[in-house]
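Chemist: Got a structure for you, questions after.
What follows draws every value from the coordinates through simple rules; no lab data is involved. In this text the structure is predicted, and so the values were computed from the model without any measurement. Please note: Cβ atoms are built from the backbone with ideal geometry, for glycine as well, and neighbour counts cover all protein chains shown.
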Amino acid sequence: MKRLALVLLLLPGMLAAQELDEPTGLKKAPGWLSVRAHCGGCHSHALVTAQRGDRDTWLSMIRWMQETQNLWQFAPEVEDEILSYLAANYAPLPPTRRAPLPADQRPSGKSL
């Protein structure tokens, strides 16, 4: 009963954290409006939501677009807001593959 009460208490926050903006597919969280405004001007928002990276990775993508794709310079506070949003909402996912089997547990004599 206590678990059910805890789930019911946490559920609204969990659902709000997963709310998406229908037209863009962006997660609605602090900074999403800046990403919608600045990133969607040049490419689909699906390109953003399909990527994953930490703050440094996102910054390197922004710098590449600025150097090679004519992306404008952001005010420092706007860039910080965009990077914070992307790093929080489109961070790398944990690995999902299991570790390889140790050699002594692998099949022998058969090629798979």
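Chemist: Residues with amide H under 5 Å of T24's amide H, sequence separation 5 or more or different chain, H placed in the peptide plane at 1.01 Å from N; which?
Modeler: none
Chemist: For a label point 7 angstrom out from the Cα of E19 toward its Cβ, which stretches of region 80-94 have the backbone nitrogen within less than 17 Å?
Modeler: Once the point is set 7 Å along Cα→Cβ of E19, 89 turn out to lie under 17 Å by backbone N, inside region 80-94.
Chemist: Going through region 20-99, which trypsin sites (Lys or Arg not before Pro) have at most 11 other Cβ atoms within 10 Å and a DSSP loop state?
Modeler: In loop regions of region 20-99 (DSSP not H, G, I, E or B), the sparsely surrounded trypsin sites (Lys or Arg not before Pro) are R97, R98.
Chemist: What chymotrypsin sites (Phe, Trp or Tyr not before Pro) in region 46-112 are in a loop by DSSP, with at most 15 other Cβ atoms within 10 Å of the Cβ?
Modeler: Taking region 46-112 and a limit of 15 other Cβ atoms within 10 Å, the loop chymotrypsin sites (Phe, Trp or Tyr not before Pro) found are W72.
Chemist: Neighbouring Cβ atoms within 10 Å as the yardstick, rank V35, V48 fewest first.
Modeler: On the way: V35 24, V48 21.
Listing V35, V48 from fewest to most nearby Cβ atoms yields V48, V35.
Chemist: Please work out whether region 24-91 counts as rounded, prolate or oblate from its C-alpha gyration tensor, where a ≥ b ≥ c are the square roots of the eigenvalues and a/c under 1.5 means rounded, while otherwise a/b larger than b/c means prolate and anything else oblate?
Modeler: Rounded is the answer for region 24-91, as its axis ratio a/c remains below 1.5.
Chemist: In addition: Each residue of region 83-90 in turn: what ³J(HN,Hα) in whole Hz from Karplus with 6.51, -1.76, 1.60 and θ = phi - 60°, glycine and Pro shown as x?
Modeler: Taking θ as phi minus 60°, the curve returns 5, 5, 4, 5, 5, 7, 9, 9 Hz for region 83-90.
Chemist: For region 22-38, just list the computed ³J(HN,Hα) in residue order, Karplus coefficients 6.51, -1.76 and 1.60, θ = phi - 60°, integers in Hz, with x standing in for Gly and Pro.
Modeler: 4, x, 9, x, 6, 6, 7, 7, x, x, 5, 5, 5, 5, 4, 6, 8
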